[in-house]
1. State the extension gain, in nm to one decimal, for the chain segment bounded by Val119 and Asp60, taking 0.36 nm per residue of separation less the distance between their alpha-carbons.
2. Size of the dipole of segment 64-110 about the Cα centre, Lys and Arg at +1 and Asp and Glu at -1 on the beta carbon, nothing else charged, in debye to 20?
3. Determine the percent antiparallel among the DSSP beta bridges restricted to segment 63-182, to the nearest 5.
4. To the nearest 20 debye, what charge dipole does segment 38-182 have about its Cα centre, counting +1 at the Cβ of each Lys and Arg and -1 at the Cβ of each Asp and Glu?
5. If r is the Cβ-Cβ distance from Ala102 to Arg32 and R0 is 25 Å, what FRET efficiency results, to the nearest 0.05?
Amino acid sequence: MLAVSVEGMSAASPTQLADEPVSKQLTDGHRREWEEYWAADSEEHDQNGPAEALRELLEDHRWLLPRGRCLVAGCGRGYDALYLAKRGHACVAVDFCDTAIAKAQKRQQWAETYARLIVPQGTLIVLLYPLIRRGQTPPYRVTMAECEVYLKRYFVLVRVDPNCRCTEGQEGNELMSVWKRL
């Protein structure tokens, strides 16, 4: 669900967007099911990117979001919020599942850590792996779009090599990128 704040409606109060607060709409069982889903790192609902319907609306149909903050409710890993932020919108991503929120926050912490460690004009080399999910255990899939959203605040992308020499058996599953610290 996506809501955009407009005059008379505040995106700061996501629980008031529906007729009754979100907490009352969800049963304990439903909340528990989502916690189990995220804790198991399931991919049943994971598109590894923003919802295709959102992309279609904004890119293919060229629908313009009104000015204001975007609220992405039920954000999961935060792909829709990242997509909107990359398009220049201020976003608030919320989820009632603590495990989903923790997974999304880890990505931002990753970028902030590199920004603290690398001096201005310094270089960050990132080998993205795995691009394709294999198995049910870490390492977890990562995309170039995710890296761009999180790193662009601190770094500028200077090189991407999708055809880099890969570890044997990982062809098509690795991508090399080079970033310069702002």
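1. Numbers: separation 59, 0.36 × 59 = 21.24 nm, distance 3.99 nm.
Gain on extension, Val119 to Asp60, equals 17.2 nm.
2. Working: 8 positive and 3 negative charges, 46 e Å.
That gives a dipole near 220 debye.
3. Here the antiparallel bridges make up roughly 75 percent for segment 63-182.
4. 780 debye
5. So, using R0 = 25 Å, E works out to roughly 0.95.
No lab work stands behind these numbers, since they all come straight from the coordinates. Bear in mind that the values here come from a model prediction, so they are computed numbers and not experimental data. Methodologically, a virtual Cβ is constructed for each residue, glycine included, from the backbone with ideal geometry; neighbour enumeration extends over all protein chains shown.
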